[in-house]
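The values are calculated or read from the model by the stated rules, or taken from the named source; none is laboratory data. What you are looking at is a predicted structure, and each value in this text was computed from that prediction instead of being measured. Ideal geometry is used to build each Cβ from the backbone, glycine not excepted, and the neighbour counts take in all protein chains shown. To get the accessible areas, we keep the full protein, side chains included, count just its heavy atoms, and leave off ligands, DNA and RNA. Shrake-Rupley method; radii C 1.70, N 1.55, O 1.52, S 1.80 Å.
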Amino acid sequence: MMHENERLSQKYDVLSEMKYLKKDIPKYIEDNLNPRFKLRHYQIEAIARFIHYIEEYPNRKKPTQLLFNMATGSGKTLLMAADMLYLYNEGYRNFLFFVNSTNIIEKTKDNFLNPSSPKYLFNQKIKFEDKEIKIREVSNFDEANEDDINIVFTTIQGLHSQLNLFKENSITFEDFKDRKIVLISDEAHHINAWTRNSLNKTEEEIIKTWEYTVMQILNSNPDNIMLEYTATIDLENPDIFNKYKDKIIFEYDLKQFRIDGYSKEVKVLQADLENWERMLQAVILSQYRRKIAERNGIRLKPVILFKSKSIKESKENYELFRKKMDDLSVTDIENIITNANGTVLEKIFNYFEKENITTDNLILELKEDFSEEKCILLDSESIDKDKQIKLNTLEDENNEIRAIFAVKMLDEGWDVLNLFDIVRLYDTRDGKWTKDGKYIPGNTTIAERQLIGRGARYYPFKINEDDDPFRRKFDNQPENPLKIIEELYYHSRYNPRYILEITTALKEYGIMPYEEKEIRLRVKPSIKNTEFWKKGFLFVNKKVKADRKGIKTIDDIKIERIYKYKLATGFIKEEEILQEEKANRNSFETTTRTFNLGDFGTTIIRKAMAKLDFYRFSNLKKYFPELNSSDEFIESLKKINVDITSSRVKLENLTPDDKLKVCVNVLLQLENEILNDYVEYKGTEVFIPIEISKVVKDKQLKINVGDYGDQEYGIPMSNARRTDLQLNLADKDWYIYDENYGTSEEKSFIKFIDGIINELRQKYSEIYLLRNANLFKIYRFSDGKAMEPDFVLFLKKEGSDEVEQYQLFIEPKGEHLIKTDQWKEDFLKEIERKYDVEIEDTLFKENAKYRLIGLPFYNENTKVVFIEEFKKKLNLE
């Protein structure tokens, strides 16, 4: 039973935390999505919940209505595509897709129907087993093809109109009779006109609403499903809350999206300057960003949005910009330099000076990059087709637009990643403060907040091979020049009251942290005078290409040698009720017989391989680099056995079609095994030494206090909020840095070491604890997946004949992350069993013995397990 105010998503949160949800997404979903778009952890969570609800949820309602409440930019459209593939496999063929505006419809069609679009959602071929299917647009479901995914694209308004005002070839209520339909609503909050105002509606008015029309369709068949996706749902409205509390299956808000690193960070740059000077500031910042990207091999054309309050003002600002930019002078640039102190612009001009970019050269660049043909003035009420194409392709290589002048932009559906600057060219305020100090944003601030949220979509790029292109990489490197590519700047006139209001609104919205803090971790001077600093070292392994030499056929990998297949018997039986059965029961009994694929012959195996793209020779060479020919691979397949279950008659008379079906099914099972066996990279089992002084550096970090729900995060340990965690690390000669700002789990672990330090000193002559502040990575042996252990404990034990040195990798872990990060603990435990050390430099030998140990997670609630293992490994009583 659900608690009266418990949302369905909260119930699933518990199921997920307790590991009751299967997170193994069906292979046909991942195979049929565009390989450029890898499903993220939260999308996998959302799909797993959906599948569980459809297949196993005991209180599933029919017809089914579910809502996914996900942040702007978090990939709702990819989730829609995944859900559609799942439902196709469940027998659904007809999909009604509706949104709020015609512009979004056109973009959506491109994403679903146009394989040449960079944002196309599906693989080039969509296949279920050996059957290829198409995504087809239809105007009504009479045109549907039962083998394909058929989609009617429409707006809410258009759907309502078509169903209530008959037009030839348009969709009608008749289309929904005797058909099971999937309704997909993008930005679903728009259909709640009825619910939002239900108390004020008469029955006659309700019938006229879009929401009523949609619900009529949904309720026309108990097998119908409606899936709603939105970033905006007003759960403060009690009517909407009551409608959706048992329908919201997944929630992923903007704050979590930002914390997980999938958005840009938002910066507010205020200047007490006129509009032209603030526009020029943004242009210089944008050009600097482009230079930093180019210098690091990143293709980026950053875009600026100049936002005005009215169309008239927008046109005036555009004309001002054009006149000033065309006449740009040294004096204009010098005025910006004069006001740059203490801002990002000061760093920019220092960079220009260092790179010998003269003011004259900068002027020439800006005039060229922001020439008239590279700027767009938009009349929001009437955007011609040419401008619309340019707006929808801003990230394309051949699109040179750098600046947009507009009033209302970035409305729902405008999906742009390379917007980095928004310049507010007006000074309106309409929010209110209550007596108890709470800010209530007005319509202007709400629109600006949504605009900034949409502009904060991350621009993907990679610097290192290990990088996730879709996540921020420099949160803890505020001085890294590339940080500018992870930031959206909102340029405002100097107005302290407004700045307080917009930052308050952004913090409540989740797109800005409540408190940002830059901290500096320093290696203690006393540490730098030790032998450990001068001669000590850290062992790390490397990520290398997996060696697949000698792998020629399936004989060289670990796979099942016997597969199973159930073949339909083909028998049909007709009988009269109450008549005594006389038919031969044996004809319906099934049995199992083992066949060898070689029994089916080379021709059948070759035909089966031809039906599956995976078995193209060019693809097989990736997994079997020593393979010489398809014939050679076929010979290895002949040794595979398959247990076929069917009737005796059928098994004794297998037709070529039967054999082909069996063979295709076995090859599909084998494909999964080959993929599971294949890894592109591995972590070496050999660890090599790196001098401590070359790894450990003073670090400047940026911390968002309170982001992770941990009251200790971002607070110095010397002044921890919990008195039992307070410790002055500056006085501890065993702690390498001068302070710790970590979570309560980290601080608790450090306190544990402090409590056992005297016991350790009885056995070890050197004891040093290092917090890994983005200093190094180690790589999982099985697939090269990178991890950064939070701590390394170095111990040195001197005996009569040799020196024994220990390096312990330790990871404190909050309760909420233990299951998610289980792979890290498994890897840490593997280290002691598999590691080897390789030491070339005589400096490191010293007749020493080296031991590398990974420990189980340290968690305050289960630390007994950690402590037992810790003492056991170090032979402490």
- request: Order the following by accessible area, largest value first: Lys873, Lys408. Probe radius 1.4 Å; ligands, DNA and RNA are ignored.
  value: Lys408, Lys873
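How much of the DSSP beta bridge set in the stretch 742-877 is antiparallel, as a percent to the nearest 5?
On the way: 16 of 24 bridges.
The antiparallel proportion sits near 65 percent.
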field: the stretch 352-499: antiparallel DSSP beta bridges as a percent of all, rounded to 5
entry: 25 percent
query: How far apart, in nm, are the 7 Å Cα→Cβ label points at Glu465 and Ile298?
result: 2.1 nm
task: May I ask what percent, to the nearest 5, of DSSP beta bridges between residues of the chain are antiparallel?
output: 40 percent
message: Taking the alpha-carbon distance from Lys385 and a cut-off under 19 Å, which lysines remain once sequence neighbours fewer than 8 residues away in the same chain are dropped?
response: Lys107, Lys109, Lys374, Lys408
- request: Sort out for me the Cα centre separation of the stretch 237-265 from the stretch 273-351, rounded to whole Å.
  value: 35 Å
message: Skipping prolines and chain starts, which residues have an amide H placed within reach, meaning under 5 Å, of the one on Gly854, given they are 5 or more residues away or on another chain?
response: Phe809, Ile831, Glu832
query: Modelled label-to-label distance, Glu652 and Ile690, 7 Å Cα→beta-carbon offset: nm?
result: 7.1 nm
message: Whole percent per 10 Å bin, from 0 to the bin with the longest distance: what is P(r) over all C-alpha pairs of the stretch 678-811?
response: 10, 35, 33, 18, 3, 0
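Heavy atoms only, probe 1.4 Å: what % of the accessible area of the stretch 97-156 goes to carbon and sulfur, would you let me know?
On the way: 1040 of 2570 Å².
After summing per-atom areas, the C and S share lands at 40 percent.
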query: Each residue of the stretch 663-680 in order: what ³J(HN,Hα) in whole Hz does its phi give by Karplus 6.51 cos²θ - 1.76 cosθ + 1.60, θ = phi - 60°, with x for Gly and Pro?
result: 5, 4, 5, 5, 5, 5, 5, 5, 4, 4, 5, 4, 5, 5, 6, 7, 9, 7
statement: For the pair Glu832 and Ala730, the simple spin-label estimate (label points 7 Å beyond Cα toward Cβ) gives in nm 3.7 nm
task: List every residue whose amide H lies under 5 Å from the amide H of Thr232, counting only residues 5 or more places away in sequence or on a different chain, with H placed 1.01 Å from N in the peptide plane.
output: His189
query: Per 20 Å bin, what percent of the C-alpha pairs of the chain does each bin hold, from zero upward?
result: 12, 36, 37, 14, 2, 0
field: Whole-Hz ³J(HN,Hα) from phi, Karplus 6.51 cos²θ - 1.76 cosθ + 1.60, for the stretch 544-558, glycine and proline x
entry: 10, 4, 5, 7, 10, 5, x, 8, 10, 9, 5, 5, 9, 10, 8
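Tell me the net charge near Arg497. Cut-off is 11 Å between Cβ atoms, Arg497 excluded, with +1 for each Lys or Arg and -1 for each Asp or Glu.
On the way: positive: Arg429; negative: Asp427, Glu501.
Overall, the nearby charge balance is -1.
Under 8 Å for C-alpha pairs, at least 6 residues apart: give me the relative contact order for the stretch 1-119, rounded to a whole percent. Please list the in-between numbers first.
Details: 42 pairs, mean separation 26.5, N = 119.
Relative contact order here is 22 percent.
As a check on your grasp of the helix formula, calculate [θ] at 222 nm for the chain: sum -39500 (n - 2.57) over DSSP H runs of n ≥ 4, divide by the residue count, round to the nearest 500.
Working: 31 runs with 310 residues, N = 877.
Rounded to the nearest 500, the figure is -10500 deg cm²/dmol.
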task: Can you spot the lysines whose alpha carbon is less than 17 Å from Lys871's alpha carbon? Ignore those fewer than 8 places along the same chain.
output: Lys751, Lys763, Lys796, Lys797, Lys829, Lys863
query: Using modelled backbone amide H atoms (1.01 Å from N, in-plane), which distant-in-sequence or interchain residues come within less than 5 Å of Ala546's amide H?
result: Tyr681, Lys682
message: Quick check on my link table: of Lys367/Lys473; Lys22/Lys566; Lys699/Lys849; Lys76/Lys119; Lys131/Lys566; Lys483/Lys682, which ones sit more than 22 Å apart, alpha carbon to alpha carbon?
response: Lys367/Lys473; Lys22/Lys566; Lys699/Lys849; Lys483/Lys682
query: For the chain, with every protein chain kept in place, what is the accessible area per residue (1.4 Å probe, Å²)?
result: 48 Å²
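Under the 0.36 nm per residue contour assumption, what length would be gained going from the current alpha-carbon distance of Lys566 and Thr591 to full extension? Intermediate values should be presented prior to the final figure.
Details: separation 25, 0.36 × 25 = 9.00 nm, distance 1.00 nm.
Between Lys566 and Thr591, full extension yields an extra 8.0 nm.
Any idea what diffusion coefficient the stretch 52-157 gets from Stokes-Einstein, in µm²/s, Kirkwood Rh on alpha carbon pairs, 20 °C, 1.002 mPa s? Display every interim value, and only then the final one.
Details: Rh = 15.2 Å.
The Stokes-Einstein estimate is 141 µm²/s.
Listed here are the pairs Lys255/Lys291; Lys307/Lys347; Lys61/Lys243; which of them are more than 19 Å apart at the Cα? Walk me through the numbers on the way to the answer.
On the way: Lys255/Lys291 30 Å; Lys307/Lys347 26 Å; Lys61/Lys243 13 Å.
Pairs exceeding 19 Å: Lys255/Lys291; Lys307/Lys347.
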field: Proximal aspartates and glutamates relative to Lys819, as straight alpha-carbon distance under 12 Å, when same-chain residues fewer than 8 apart are discounted
entry: Glu17
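For the chain, what's the relative contact order in percent, using C-alpha pairs closer than 8 Å and at least 6 residues apart? Walk me through the intermediate numbers first.
On the way: 1407 pairs, mean separation 87.7, N = 877.
Relative contact order here is 10 percent.
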Note, ³J(HN,Hα) from phi for the stretch 358-375, Karplus 6.51, -1.76, 1.60, rounded to Hz, x at Gly and Pro: 6, 4, 4, 5, 4, 4, 4, 4, 5, 5, 6, 6, 10, 6, 4, 6, 9, 10
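How high is the FRET efficiency from Asp821 to Gln711, r the C-beta distance, R0 25 Å, rounded to 0.05? Working shown, then result.
On the way: r = 21 Å, r/R0 = 0.84.
Taking R0 as 25 Å, the efficiency between Asp821 and Gln711 is 0.75.
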